[in-house]
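The values are calculated or read from the model by the stated rules, or taken from the named source; none is laboratory data. None of the values given here were measured: they were computed from a predicted structure. When we count neighbours, we look across all protein chains shown, and the Cβ atoms used for this are built from the backbone with ideal geometry, even at glycine.
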Amino acid sequence: MPRVVAVSLGVLGLAALGAHVVIEVAVNPRPPGVGDTARVQALLSTPLGMLIVLRRPGLIAGWLLLLVGAANGWVALAISWHEVFGRGAVPLPPSLYWLVCLRSAITTCAALMLPLAHPDAGLLRPRWRWVYLALIVWQVLLLGVALARWHESAGPWAGFAQVSAVVCGPLLWVSLLVLCLRFWRAGPEVRRQIAWLAPVVAFDDLEFTEILGWDYLWLDTVGEAAVPVAVAVAVLRYRLYAIDTLVSRAVVGGALVGCVAAAYLAAGALAGLFLADYGELFGVAAAIVAGLSFLPVQRRLQRLLDRLLYGRSGDPRAHAEALRRQIQYAGPAQALEAAVRAVAGGLAVRGAGVQGGERVVVGELGEDPRGIALVWHGEPAGTLLLGPPGARRFPRAYERRMLAVLVPIVADAAHALRMAGDLRRSWERAAVAREEERRRLHRDLHDGLGSRLTGMSIALEAARRSLGHSPDVAYRLLSDLRVGLESVNGEMRELVQGLRPGALEAVGLERSIRMLAPEVPVTVAGSLEGLPPVVEVAVYRIVQEALTNARRHSGAGVVRVVLERAGELRVVVSDDGVGVGVVSGSGSGLSTMRERAAEVGGRCSVRDGEGGGTVVEAVFPVG
């Protein structure tokens, strides 16, 4: 039913406007003038109001536009008819008189109610009903406002019309003030809708014809035309156009010009007081002060506008401070999840996540999420993933400001989580290695040396018993025991060598590496003294494994070893063999070398050489 009423009013209003245009063009042509405002209101308010009502029948703003457009269309037709067929007789006929009064009442009532009703989807709210009813009663009592301008003998209505004109002007600005208060208290989405209407209403309320004269009637016409367009865009398409960006840049630009100009004038005035004898310095001093104040003022104004348009979360710094307080005492995983949630909330996206190492996802990323590289002190820390936008859609400029503040925090959290994961895995590997080493020692000592020593103890007892009656047997048993002891001694040395190569203790790292392969040239740059023992063992084992691979798997003819210490220890073993492809598939222990480097905080890579062969490179942060 509401849609039927809306279509009927719209069709009747447009039909009346069409008939008015026919009369004006064909019968009574005249140049543009006072009637243009009514025609523009009818032309724009009628179809746009009908469209809003058809889309969202519950909105008061749509009905107000529709009533204003239809009323202006019928009044325009009635006045044209009276001027052509009634010869413009004065006084006006009663029917036309009441129609003009009704149009004036509807237009004024709509101008007062529209800021109060926009953009809420519900009907009259309980706390505002008395305001709406008071406005309607006021307009019913003032149906003769327009008559004072059309009929000189308006009788008692003339004084009443003057009172109405005095009262309605301030009421228009009060309704605009209410709209601004609602903007201040509303959420980001409603603020975007109000931002479309508030500047237009302020422009329309200026009444340029009364301030500047009738030569500026076109400004009033522009203001009247902008109101229905702004309402329609705010209700139906406010997410498509970045009004907050336009308003933000316009306000920031205007305020910035004013602040810089004030700084310039203030600096010039102060320079005039203290540098009276140096008049040529006035402009220089003022320009310097204005230039220095430009960027700080622009940043403060932008933060203020962000908070005004998007609420407390619209200030990137406030958002970041809240996030830092939230993650201050959280663990790495909880901190990264909180940071990702803050990004998703600050940018109003359906989901966000971080991948690279540990993966954390909040919400829905969609099929093609947007990726932003996370860098921590020049080191990649992962990728920030942003899902599709949600109900609120912020402009790119706001997103850039928010990301510039939040991305470093996310990078810190992602790096902390990655380091915690690496540390946990390192502990796990160390625990597994210790357990495997214990088992190996247990097996070697119990199954190997233990059984050997038990057998030697039995043989020693047999030799003791044979000394009296069979010296030859005792001598043979003791000789075998001597050989067995030497074997046990060798096995003990092998066990100790497996824990820490004895050559490292005896001759140091450089000579130990040279002893691994005397025929291989070893180049050393920097001092290898004072290295941590665990680093020495890791370097020794990596070089040992790389030399073994070069001999057994790569078929290398030439092998080189380079050790460089300049802030960090760099170890390179290169050969001219078959390359990584063959070596990596031959049980070469490449993963073991990487694990040994990672256990002491280093890294190890294996790659093909530029001229062929294999290059094993390990880097250790030893200072």
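Tabulated values for the structure
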{"item": "Boolean, L531 is within 30 Å of M593 (Cβ to Cβ) and modelled with pLDDT under 80", "result": "no"}
{"item": "E519, sole failed condition from (1) loosely packed, with under 14 Cβ neighbours inside 10 Å; (2) more than 60 Å from the chain's Cα centre (by Cα)", "result": "(2)"}
{"item": "Cross-chain or 6+ apart pairs with Cβ under 9 Å, region 321-334 first and assigned to a helix (DSSP H, G or I), then among the aromatic types (F, W, Y) and exposed (fewer than 14 other Cβ atoms within 10 Å of the Cβ)", "result": "none"}
{"item": "Region 295-319 - residue that is surrounded by fewer than 19 Cβ atoms within 10 Å (Cβ to Cβ) and of a type in the set (G, A, S) and, of those, modelled with the highest pLDDT", "result": "A318"}
{"item": "Hey, Y540 assigned to a helix (DSSP H, G or I), in the same structural domain as G613 (by TED's automatic domain parsing) and aromatic (F, W, Y) or not", "result": "yes"}
{"item": "Hits in region 484-518 (condition: of a type in the set (V, I, T) and at pLDDT 80 or above)", "result": "V507, I513"}
{"item": "Residues located in region 328-341, provided they are closer than 12 Å to L386 by Cα and hydrophobic (A, V, I, L, M, F, W, C)", "result": "V340"}
{"item": "Residues that are crowded, with 17+ Cβ neighbours inside 10 Å, within 16 Å of the chain's Cα centre (by Cα) and either at pLDDT below 80 or not assigned by TED's automatic domain parsing to the domain that holds A381 (or both), drawn from region 321-341", "result": "L323"}
{"item": "Those residues of region 350-383 which are in a strand (DSSP E or B), over 12 Å from H415 (Cα atoms) and under 13 Å from the mean Cα position of the chain (by Cα), in sequence order", "result": "G351, A352, G353, R370, G371, I372, A373"}
{"item": "Residue check, A597 touching a Cys at 6+ places or on another chain (Cβ under 6 Å), of a type in the set (A, V, I, L, M, F, W, C) and at pLDDT 85 or above", "result": "yes"}
